[in-house]
1. What residue, of Ser703, Ser634, is crowded, with 16+ Cβ neighbours inside 10 Å and touching a Pro at 6+ places or on another chain (Cβ under 6 Å)?
2. I'd like the residue in the range 910-934 that is out of contact with any strand residue (DSSP E or B) (no Cβ under 6 Å at 6 or more places or on another chain) and more than 24 Å from Asn860 (Cβ to Cβ) and, out of all such residues, is surrounded by the fewest Cβ atoms within 10 Å (Cβ to Cβ).
3. Check every one of the strands (runs of 3 or more DSSP E) wholly within the range 748-857 and list those with 2 or more residues that are more than 35 Å from the chain's Cα centre (by Cα).
4. Test of understanding: among Ala603, Ala597, Ala593, which residue is crowded, with 18+ Cβ neighbours inside 10 Å, under 23 Å from Ser672 (Cβ atoms) and not acidic (Asp, Glu)?
5. Taking the conditions exactly as written (buried (at least 20 other Cβ atoms within 10 Å of the Cβ) and touching an Asp or Glu at 6+ places or on another chain (Cβ under 8 Å)), does Leu578 satisfy them or not?
6. Can you confirm whether the range 222-232 contains a residue that is within 21 Å of Leu116 (Cα to Cα), of a type outside the set (Ser, Thr, Tyr) and buried (at least 22 other Cβ atoms within 10 Å of the Cβ)?
7. Report whether or not Lys98 is at pLDDT 95 or above, within 27 Å of Val264 (Cβ to Cβ), surrounded by 15 or more Cβ atoms within 10 Å (Cβ to Cβ) and under 40 Å from the mean Cα position of the chain (by Cα).
8. Is it the case that some residue within the range 153-175 is in contact with a helix residue (DSSP H, G or I) (Cβ under 7 Å, 6 or more places away or on another chain), more than 30 Å from Ala472 (Cβ to Cβ) and not assigned by TED's automatic domain parsing to the domain that holds Tyr261?
Amino acid sequence: MKINIKEILLIVFAFLVINNLQSQEKYVVNTSIDNGFALAENNNVASILYSDMDYKGVQKVILDLQKDIESVSGATPKLYTGIDNLKDFPIIVGTLGKSPIINQLIEKKLIDESNLNGKWEKFIIKTIQNPFPGIKEALVIAGSDKRGTIYGIYDLCTQIGVSPWHFWADVPAKKASKIYITPGTHTLNEPKVKYRGIFINDEAPALSGWVHENYGSFNAEFYNKVFELILRLKGNYLWPAMWGRMFYVDDPKNKDLADEYGIVMGTSHHEPLTRAHAEWKKFGTGAWDYSTNTKNLEAFWRAGMERMGNTETIVTIGMRGDGDEPMTEGTAIELLENIVKKQRGIIADVTQKDITKTPQLWALYKEVQDYYDKGMRVPEDVTLLLCDDNWGNIRKLPVPSDTLRPGGYGVYYHFDYVGGPRNYKWINTNQIERTWEQMHLAYKHGVKNIWIVNVGDLKPMELPISFFLDFAWNPEKWNANNLPDYYVQWSRSIFGNMHAEEIADILMKYTKYNSRRKPELLSAKTYSIVNYGESDRIQKEFEALSNKAKHIYEKIPKDYKDAYYQLVLFPVLASANLNNLYIETAKNNYYAAQGRALTNETAKNVKNLFANDSILTNYYHTSLANGKWNHMMSQTHIGYISWQEPRYNVMPKINHITIKDKAAMGIAIEGSNNWYPEVKEGLELPEFVSYGNETHFIEIFNSGKESFKYNIKPANNWLRFSQSKGTIKEQKRIWISLQQEKIPKGQHETYFTIQKGTEQVKVKVKINNPQQTDINGFMENDGYISMEAKNYSRSVGTENINWITVPNLGKTSSGVTTLPVTAGIEKITESSPRLEFDFHSFSSGTVKIHAYFSPTLNYNPSIGHYYGIGIDEDAPKVINFHENDNEHNWNQLVANNIKIITTKLPLDKGDHTLKYYMKNSGLVLQKIVIETQPLKESYLGPKESVEIKK
């Protein structure tokens, strides 16, 4: 094999690039390395040198560095503010232009000033030789500004083994007697999104109860923990708790502490000029109505700006109704524009600065976007804060020509919400894949100035918060292909290498299962207990996940159990318990209607599961971490009947029946609402296909207390039964499969008879046993062909448009979309980018093609979203994705977390290719179901069909 010089150079370059990236990822090791800086070794630990002229926040965080090194190594670094008596190998920390020590290192050319000067929040970590007399080597953490230095300090803390969640999730420090820093310069460069933060939307009783028990109020002691977390996660922005809370009033130290830390403060979308909503009730006079109460409102806002002083703040402008409500219907755009003009006048007058020098945002939240769409505008220096629909679907994005406005754009996103169609705030239901897909969309449309997310009570949103802020730092780092790695990386950052891949799998699955339908929206009617084995599947999935989570819990060290319980075990067990609660309720209703002897047992199961929810919560509140997190899981989540939560968890209604003394046989059929003895004839199993080892079942049940014997007799030898005879005390599930080698080719009907004494019940069976050589693709069975999007037969792109699979994004499997997300084509034709699905139909006539999509809003109405659907060489039918958009349909699609669009097309028997054509990027396809006979009712849709490949 010949390799030319060019190829060798490319290989070497790739090797160097890969190694450089690796050094940025992990630069702390626990074994001695050549030219490595020994931070801790042989009970010795590096001291810390800094200047007392540096920012107070930097000096404060240096104390955290000292504490973190001690918690990992067991040795406490000494602190120095001058080089006298300092020897050997210190850590030098400082900010460019603020620390004389860093300035001296720049003067000596030991630090390249161009790496930091003029940069936003950048840090470098590097070793230097002989920086000062008596110092042989030093590890330097230098920042371009206050937050840059703080990020550098906390980055080192994370690398040595202290999690950003050490307080908020009780993650223990990873002990190590030896800590070495690899040679080279380590940096994360500048963040790609300027302001990155969270909104603590404390809705009571969880966080509020916890705060009042531990801190008395939302004071500086509490916010100290919040600020530290944000900075450790490399965020920089906060909307504080606002329901009855007043950040600036509850504790005047709050403002000073935020300024010290370098946290950029803001207020939510309906709190103009830094005034909390609760302040109007406490200090305001008159109505919250600018047209009738102008002077009092202006005085109120002016006081807010005067209180702000010189602290770093993004000022919310505009006005909504009182208490997060819409403005009065018919409010004139002219009035709102005048409000903004007056507010900006107040800002300029109070700050005595050019108005463009004070960062401002205008949130296009709910009805405010309507004003924007109707022509309302704010000055170009104001950031337009675009919003999602409160359910993770971005409502509006700029067109490329609009992205140059000086104020830029931001996004207000949600992990938690109170409102229609249903509150969701109890537990994490957010897939990071969905967050990636929507925020990647925003970033590629030029939304780079502000990313802020509503995190509710903060806990239990640890995983999605971490991802949101990591992704905001560098949206180009994470893509569809490496998203699964984030779970592993995060697991490893919390638990080390202990079961990292297994824990990652649990996190990936529980968030997927929870995202199918928010817990608050679950009911006994959600999953079918009759069709497609749906409820059985849900229970089995959660059972397997619970067993895996419990198994790991038993194996991990004791000091990690508290962290594991709150980050992994509790959300899995609590979610599994709730799903089981509703499925058992559905069984109870179903059994009661049939008079089954097990009816009362299912009622008992429901009571036990309802009680178990309280037991899990009680452990979280009273035993976990010695009761540290009391109140934190107290959001009610069972028994919703409207968008607002019930006052208390309410157990679902259950049935008790009187059981007959004598035995009475009943028979329930998979996939059918008919059951014997209510229906004496016409009982029929779902159709069998002879490929894929398919099985179906019947349940023989007793409606009496006495037992009875049964016997199953097939009409021929084509069927196999898990148990063809026996005794029924309560009920028994009998599995039926095919003896394939005995079935002639073709489509057939047969039956079997269930006997109880002289009583006989006949069940019909349809069997499809085609020649395999006659079939290519997904095969029709039981009236449908179901195909997961990721299992397409072929993809056809263009030079500029590619198809990608987003693993795990979806209710049943993964999602497929196109990149780049700003791409589009003028017209759908037979040669457009497309996915092709080979399938075989045994039916002919007009069929319904159901395309399952992730919910996507019309974020650019001038362009919209269209796709094409066609079979074989027929011209594609163009579908307007948003044609039937309205409030009712929106409620359905966010509650179901799916949008299903149905298209009718003609179809003949035989092999075909279904083609799904792209026109606009931004649509995420999850599944396609071709309905040849009426589909049975289910939540997830029919399971994927058998695929035959020639």
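The values are calculated or read from the model by the stated rules, or taken from the named source; none is laboratory data. Predicted, not measured: the structure shown is a model, and the values here were computed from it. Neighbour counts run over all protein chains shown; Cβ positions are idealised from the backbone, glycine included.
1. Numbers: Ser703 fails: touching a Pro at 6+ places or on another chain (Cβ under 6 Å).
Sole residue among the options that is crowded, with 16+ Cβ neighbours inside 10 Å and touching a Pro at 6+ places or on another chain (Cβ under 6 Å): Ser634.
2. Filtering first and then ranking leaves Pro934.
3. Details: elements: 759-769, 777-779, 784-788, 794-796, 802-806, 815-819, 834-841, 845-853.
Hits in the range 748-857: 759-769, 834-841, 845-853.
4. Details: Ala603 fails: under 23 Å from Ser672 (Cβ atoms); Ala593 fails: crowded, with 18+ Cβ neighbours inside 10 Å.
Criteria check complete, one pass: Ala597.
5. Working: buried (at least 20 other Cβ atoms within 10 Å of the Cβ): yes; touching an Asp or Glu at 6+ places or on another chain (Cβ under 8 Å): yes.
So Leu578 passes the test.
6. Our first condition is that a residue be within 21 Å of Leu116 (Cα to Cα); within the range 222-232, this holds for 231-232.
Next, only the ones that are of a type outside the set (Ser, Thr, Tyr) stay: 231-232.
Add one more test, that the residue is buried (at least 22 other Cβ atoms within 10 Å of the Cβ), and what stays is 231-232.
Yes - at least one qualifying residue is present in the range 222-232.
7. Values: at pLDDT 95 or above: yes; within 27 Å of Val264 (Cβ to Cβ): yes; surrounded by 15 or more Cβ atoms within 10 Å (Cβ to Cβ): yes; under 40 Å from the mean Cα position of the chain (by Cα): yes.
In short, yes.
8. Checking the range 153-175: at least one residue is in contact with a helix residue (DSSP H, G or I) (Cβ under 7 Å, 6 or more places away or on another chain), more than 30 Å from Ala472 (Cβ to Cβ) and not assigned by TED's automatic domain parsing to the domain that holds Tyr261.
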